Amino acid sequence: MSHEEFEWIATLDALGAATAGDAAALRAHAGGCIPCRRARNELAEAATLLARGLEPVSPPAALRERIAASLDPSVARNPRWWLATAATLFLALWGWRELEVRAARVREATQRAALARLEHENTQLILQKEKLAAEIAALASADTRTIALTGQEVAPAASAKVFLDPNRRRAIVFFHDLPANPGDKSYQLWIIRADQPKPMSAGVFDVSQSGTASIAIENLPIATEIKALAVTLEPKGGVEQPTNTNFYVAGNA
C-alpha cells in the first residue's frame with residue numbers, strides 16, 4: 001500500500017472504523033515509517049479533541065438509507081462506503097476545528113496586547129499620582145511662596161498662579177483663560193532675572209481649549225535672583241530668547 005492509503009486507514013482507525021486487518025497493517029507500517037506514524041498519532045489526537053469539544057447529536061434514523069439511495073448502486077453495495085463518508089466528514093470537522101483554534105489564538109493575542117496596554121496605562125497613572133502627591137506636598141509647605149501673574153494687553157482675561165518652593169528651587173504654575181495656542185506655536189514661560197540682562201526660559205507648554213495649562217519648573221535660580229515672570233507665544237518647541245514682547249501674562253516676583 002502507498003503512504004496515502006495508510007493515511008486513509010489512519011483516518012478510519014481514528015474513528016474506530018478500520019478493519020482488524022487494516023489496523024494491524026497500519027501498526028506494522030507505522031512502526032518503521034515516521035510520517036505515517038505521525039499522521040496516525042495526530043489523527044488519533046484530533047478525534048479525541050473533537051469528541052471532547054463537540055456535543056453529541058443523534059442523526060435521524062433514516063439518514064443512512066437516504067444517503068445510500070443518493071449514491072451510485074455500485075458504491076452503495078460496497079460495505080465500506082459509509083466508512084469513507086465518515087472519514088471525509090471527520091477530516092472536514094478537523095479542518096473546521098483548526099480554523100477555530102487559529103481564531104482563538106488571534107483572540108488570545110489581541111487580549112494579551114490589550115492587557116499589556118492597560119498595564120502600561122495603569123503604571124503611568126500610578127506615576128502621575130505619585131508626582132501629583134509630591135506636588136501637593138510641596139504646595140502645602142510653609143515655605144512655599146505664591147506669585148500672581150495677570151493678563152496683559154493680548155490676553156487681558158488670562159491669569160496664572162505660581163507656587164514657588166525656594167528650598168527645593170522648584171515651582172508649579174497654573175494658567176487660566178489663556179487662548180489655545182495654534183498647532184505651530186508653543187507658549188513659553190520666561191524668568192526675568194535680577195542678575196542677568198537676558199530672560200531665562202523656564203519651559204514650554206500647550207493650552208487646551210478650556211484655556212488651562214500647568215507646568216513644573218525645576219532647578220530655579222534662588223528666589224532673590226527672580227525679578228519677574230512672563231509668557232510669550234513662540235514657534236513650536238520654544239526658542240532660546242523671546243522673539244517678541246507681546247506678553248500674555250506677567251508679574252513681578
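The values are calculated or read from the model by the stated rules, or taken from the named source; none is laboratory data. Remember, predicted model here, so these are calculated numbers, not experimental data. Heads up, the Cβs are rebuilt from the backbone with ideal geometry, glycines too, and the neighbour counts pull from every protein chain shown.
Descriptive notes on the structure:
Yes/no matrix, rows are residues, columns are (1) within 15 Å of Ala213 (Cα to Cα); (2) at pLDDT below 95; (3) not assigned by TED's automatic domain parsing to the domain that holds Val231:
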{"site": "Thr110", "(1), (2), (3)": "no, yes, yes"}
{"site": "Ala116", "(1), (2), (3)": "no, yes, yes"}
{"site": "Asn122", "(1), (2), (3)": "no, yes, yes"}
{"site": "Leu132", "(1), (2), (3)": "yes, yes, yes"}
{"site": "Ala171", "(1), (2), (3)": "yes, yes, no"}
{"site": "Ala180", "(1), (2), (3)": "yes, yes, no"}
{"site": "Gly183", "(1), (2), (3)": "no, yes, no"}
{"site": "Ala194", "(1), (2), (3)": "no, yes, no"}
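- Count of region 193-234 residues which are under 33 Å from the mean Cα position of the chain (by Cα) and farther than 16 Å from Phe163 by Cβ: 7
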